[in-house]
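The values are calculated or read from the model by the stated rules, or taken from the named source; none is laboratory data. This is a predicted model, so every value here is computed, not measured. So basically every Cβ, Gly included, is an ideal-geometry build from the backbone, and we count neighbours across all protein chains shown.
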Amino acid sequence: MQEEEKKGAIFISYAWGGPLEHKEWLRQRIIKPLGWKYRVFWDRDSIGFGESIDKTIAYALDQRPISVFCICDRDYLVAAQRVNSGLHRELQMLTRIADCDGVRIIPLIFDAGSAADLPEPLAGRAYLNVQPLHEHGLNLSSVLLAVADGATQAQVNTYMAGRLKAHDLRQQAIAYFSQQNMELWGNARTHEVRIYQVGREPRLLLPAQWMWDSDEWGFMLGDDNPTYCPSQGRWHWDYFSPSRGMRALGTATMSVFFSDRETLDDQAMLASAGAVLARSVFAMTYKTEAFNLAPDELINLLINDAEGYAALEHLLPSAT
């Protein structure tokens, strides 16, 4: 996006708190993503050698509209109290424009307890607590873009809660699938699908017994053709629209990973997740190509799909 086409200005207020690289994470996690849409002022990139620091900052703060994102951590609170420090002077400038039209000063809480000791003109302002996302290493850019775009507190907090819930589900899935130590390989020549599991000999992927008993799948599992004979571990995949046969392969795959889940509700969720695999893997692989499906890819596919997400929530053992 051209500079003149960007929506507005964002000023990053922060404290160095140590060597140059100490806050370099801001560049990748905040500065660059915001810079695609907004004019972002960050002193490390925005103040040239020989320029007056205070004058350059004052000029940047004259832009309208402007959102000032304050990175409130321990370093920030300490520097704010240090008279005549760069941040102390910066906060004085912010105080002078705090009530001007087109100015938003938004404290971003990165450390527990920082919200209680915010300096002027941050004190008393609605802040955003990003500590839960930050401490889990989750991406902050989408949240901050939403704030810059004018999202409400309720909208942002709902989104953050969803991100944290998805993170917890991912960690739960990683723990579960790592115990399985299992992945699938599809042979391009024979179309046999084999299960490779640590501590066991490779074995063919066969339909779960409940699939044979099911009106949904049972009638088609006895078919026998060159690329589809489930009773012999031979399954169909091809770069085409996801067929019922591909959904059967997806369902059988999920049933292997969740072999103890057989209730009617379980079956519906296994089939739902299987449909995700059919769309995302088996219908995206030419029949002349082999495929490999490992837990990392499986987790990503399911969590990033609404139906797959719901299936994982249902199928994974409760974290207790």
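Taken over the range 142-157, the criterion of being surrounded by fewer than 16 Cβ atoms within 10 Å (Cβ to Cβ) and either closer than 17 Å to Cys72 by Cα or β-branched (Val, Ile, Thr) (or both) is satisfied by Thr152 alone.
Filtered by the rule that a residue be hydroxyl-bearing (Ser, Thr, Tyr) and more than 18 Å from Asp238 (Cβ to Cβ), the range 265-320 gives Ser272, Tyr309, Ser318, Thr320.
Residue check: His167 meets all listed conditions (1) under 20 Å from the mean Cα position of the chain (by Cα); (2) at pLDDT below 95; (3) closer than 24 Å to Asp305 by Cβ but one, namely (2).
Listed here are the residues, each with its yes/no results for (1) assigned to a helix (DSSP H, G or I); (2) of a type in the set (D, E, K, R).
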site: His236; (1), (2): no, no
site: Tyr239; (1), (2): no, no
site: Gly250; (1), (2): yes, no
site: Val256; (1), (2): yes, no
site: Asp260; (1), (2): no, yes
site: Asp265; (1), (2): yes, yes
site: Tyr286; (1), (2): no, no
site: Tyr309; (1), (2): yes, no
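Scanning the range 178-196 for residues that are part of a loop (DSSP other than H, G, I, E, B), within 29 Å of the chain's Cα centre (by Cα) and aliphatic (A, V, I, L, M) gives no hits. Taking every residue in the range 146-170 that is under 19 Å from Gln131 (Cβ atoms) and pairing it with any residue that is not in a helix (DSSP H, G or I), at least 6 positions away or on another chain, the pairs with Cβ-Cβ distances below 7 Å are Val147/Ile106; Val147/Leu128; Gln153/Ala126; Val156/Leu128; Arg163/Leu138; His167/His136; His167/Leu138. Within the option set Val83, Val78, being assigned to a helix (DSSP H, G or I), among the β-branched types (Val, Ile, Thr) and surrounded by fewer than 17 Cβ atoms within 10 Å (Cβ to Cβ) holds for one residue only, Val78. Screening Tyr127, Tyr228 for residues that are under 30 Å from Gly102 (Cα atoms), in contact with a strand residue (DSSP E or B) (Cβ under 8 Å, 6 or more places away or on another chain) and touching a residue at least 24 places away in the same chain (Cβ under 8 Å) leaves exactly one candidate, Tyr127. Name the single residue that is surrounded by the most Cβ atoms within 10 Å (Cβ to Cβ) among those in the range 99-138 being of a type in the set (Asp, Glu) and not in a loop (DSSP other than H, G, I, E, B). This residue is Asp117. Inspection of the range 261-276 identifies at least one residue that is in contact with a Pro (Cβ under 9 Å, 6 or more places away or on another chain), buried (at least 19 other Cβ atoms within 10 Å of the Cβ), at pLDDT 95 or above and not aromatic (Phe, Trp, Tyr).
If you go through the range 45-75 and pick out every residue that is out of contact with any Asp or Glu (no Cβ under 8 Å at 6 or more places or on another chain) and either buried (at least 21 other Cβ atoms within 10 Å of the Cβ) or touching a residue at least 40 places away in the same chain (Cβ under 8 Å) (or both), you end up with 11.
Filtering the range 95-120 to residues that are charged (D, E, K, R) and in contact (Cβ under 8 Å) with a residue 12 or more places away in the chain leaves Asp101, Arg104, Asp111, Asp117, Glu120. Within the range 197-221, the residues that satisfy the criterion of being outside any helix (DSSP H, G or I), closer than 27 Å to Ala268 by Cβ and among the charged types (D, E, K, R) are Arg203, Asp215, Glu216.
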